[in-house]
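Reading through the structure tokens given below for one structure.
The values are calculated or read from the model by the stated rules, or taken from the named source; none is laboratory data. A quick note: this is a predicted structure, and the numbers were derived from the prediction, not measured. Because the Cβ atoms are built from the backbone with ideal geometry, glycine has one as well, and the counts that use them run over all protein chains shown. Keep in mind that these areas ignore ligands, DNA and RNA; they rest on the heavy atoms of the full protein, side chains included. Shrake-Rupley method; radii C 1.70, N 1.55, O 1.52, S 1.80 Å.
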Amino acid sequence: MKKKSDKKSDKKSKFPDPFEEARLDKGFEKIDDQNDPVTMVLRHQDVREYAKNWKTFQSGAKPGRIVVPSEEHIRDIRQIPFEVDPPEHGEYRALIEDWFRRPFNPEYQLELSNQINDAVDLLLEKKTVEIVSDFSLPVQSKALTLLLNVPIEEANTWIDWGVHVFRSEDNPLDGDKANILYDYLDKQIDKAIEHPSDNLYSVLLASEFKNRKLTKEEVKGVMILTFAGGRDTVINTLNNSITYFAEHPEALERIRNEPRLIHQATEELIRYFSPLTHMGRVVTEDTYVCEHAVKADSRISLCWASANRDASVFEKPDEVIIDRKKNPHVGFGFGPHKCLGEHHARQILKTLIKTLASKVKSIEILDEEENIEEWGDIKRKVGFERIEVNFNKRD
Ligand code: EMZ
């Protein structure tokens, strides 16, 4: 659950690890989510092991149940392939895997680069900008037009929806807000049925699953995930990375001189900020996690954020080391459900880093409000509600 914070850490780009003690001590943490307990799995090795074990820890239970906080009460449409288990999961995934690899295409990268260049130029023109709403949200939305292959103007509608499609300012589970997305998708799907084109809607409508065409409901399930899954996560990553470079101009300078570091820096920022704290699974039989008994039909969560700070895997886990060599982070999850949008997300962050390095001399944080998730006693900073920043051009 989200709450605005009043306490700020001295460095805005410092993101403390609230799981360390429990991770070292017992390897799990029990939390409550709407009177439904969740056992969070905290160690890197365990998280990877349980993420692979889809028979005992399943994703395809009731739609919305594996999300923490659970969205069971605000939606009943299954998100695909995220809320489906193998073997169907793999069949759905195979239909869209190639499409989600388009960010590797040079033309896609060029268009993204043009978008981000324009957005950074605008920052430099304005000088002082509130980046959550006036930079990261529009950058994420415009980039999504490339992933969907729809006209860039479509982004204006999505920008109006704000940072999260299921959460509003005072309601972490906002069913009315979800309906805005659902109605929009119904219209877009109908439009694609009438006038097939080369966008993701049409590609999905034309694809076959088990010798039949995908249904409208299935197409909607894929589209909802595409809209919801990479939204606040990407936006937080952009905001957080900008605060990092504001406080570490030497890192930007180094990347400018050694551009090959962009790849390592991208992975490291994703590891450090871990935009998605965790994802749940439903336990199918009485079993144990970290030697702790868990009951059938209860939930566990795979805590990517904790695994990414596990000192048995990452040296100096609480530091951003932009040229970190070995980096088996689980920022995009792990196992069969690893994020489909990872190539797109990476490409956005890489392009941002490259553009900042080439155009920006310094960044100054003027004011900010942190975004803190609260899980019982655990508080985790995931990003910012608002950050006002001053950008200075390179000469
Ligand atoms: C779900 C989830 C997917 C969920 C990879 O994460 O992202 C959340 O932001 C949404 O609320 O419905 O799409």
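Could you grab me the full set of residues in the range 224-245 that are near the ligand (Cβ under 7 Å from one of its atoms) and either over 27 Å from Leu204 (Cβ atoms) or charged (D, E, K, R) (or both)?
Residues satisfying the conditions are Arg231, Asp232.
Scan the range 84-98 and give yes if some residue there is more than 16 Å from the ligand (Cβ to nearest atom) and among the small types (Gly, Ala, Ser), otherwise no.
Within the range 84-98, one or more residues are more than 16 Å from the ligand (Cβ to nearest atom) and among the small types (Gly, Ala, Ser).
With respect to Asp174, determine if the residue is farther than 19 Å from Phe100 by Cα and within 16 Å of the ligand (Cβ to nearest atom).
Yes; evaluated as a whole, the condition is true for this residue.
With (1) without any contact (Cβ under 8 Å) to a residue 12 or more places away in the chain; (2) outside any loop (DSSP other than H, G, I, E, B) as the list, and His263 as the residue in question, which single condition is left unmet?
Answer for His263: the failing condition is (1).
Among Glu125, Glu208, Glu218, Glu130, which is under 25 Å from Ile96 (Cβ atoms), more than 16 Å from the ligand (Cβ to nearest atom) and of a type in the set (D, E, K, R)?
Result of the check over Glu125, Glu208, Glu218, Glu130: Glu208.
Table: residues versus (1) farther than 16 Å from Thr277 by Cα; (2) open to solvent by 20 Å² or more (accessible area, probe 1.4 Å); (3) β-branched (Val, Ile, Thr); (4) touching a Cys at 6+ places or on another chain (Cβ under 9 Å).
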| residue | (1), (2), (3), (4) |
| --- | --- |
| Lys316 | yes, yes, no, no |
| Ile321 | yes, yes, yes, no |
| Gly333 | no, no, no, yes |
| Pro336 | yes, yes, no, no |
| Gln347 | yes, yes, no, no |
| Lys361 | yes, yes, no, no |
| Leu366 | yes, yes, no, no |
| Trp375 | no, no, no, no |
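Looking at (1) within 16 Å of the ligand (Cβ to nearest atom); (2) surrounded by 22 or more Cβ atoms within 10 Å (Cβ to Cβ); (3) over 25 Å from Phe334 (Cα atoms), find the lone condition where Tyr201 falls short.
(1)
Give the residues of the range 291-350 that are in a loop (DSSP other than H, G, I, E, B) and within 16 Å of the ligand (Cβ to nearest atom), sorted by residue number.
Result: Cys303, Asn308, His329, Val330, Gly331, Phe332, Gly333, Phe334, Lys338, Cys339, Leu340, Gly341.
Would you say Gln79 is at positive phi and within 16 Å of the ligand (Cβ to nearest atom)?
No.
Can you tell me which residues in the range 266-294 are over 17 Å from the mean Cα position of the chain (by Cα) and either among the acidic types (Asp, Glu) or farther than 29 Å from Asp85 by Cβ (or both)?
Glu285, Asp286, Glu291
Inside the range 210-258, can you point out the residues that are of a type in the set (Ser, Thr, Tyr), assigned to a helix (DSSP H, G or I) and out of contact with any helix residue (DSSP H, G or I) (no Cβ under 8 Å at 6 or more places or on another chain)?
Thr243
Going residue by residue through the range 376-384, is there one that turns out to be out of contact with any helix residue (DSSP H, G or I) (no Cβ under 8 Å at 6 or more places or on another chain), among the aliphatic types (A, V, I, L, M) and assigned to a helix (DSSP H, G or I)?
no
If we keep just the residues of the range 275-293 that are farther than 17 Å from Arg48 by Cα and free of Cβ contacts under 8 Å to residues at least 12 places away in the same chain, which is most open to solvent (accessible area, probe 1.4 Å)?
Per the criteria, the residue is Asp286.
Step by step: first the residues of the range 44-88, then only those that are farther than 20 Å from Ile300 by Cα and in contact with a helix residue (DSSP H, G or I) (Cβ under 8 Å, 6 or more places away or on another chain), then the one that is surrounded by the most Cβ atoms within 10 Å (Cβ to Cβ). Which residue is that?
Ranking the qualifying residues of the range 44-88, first place goes to Ile80.
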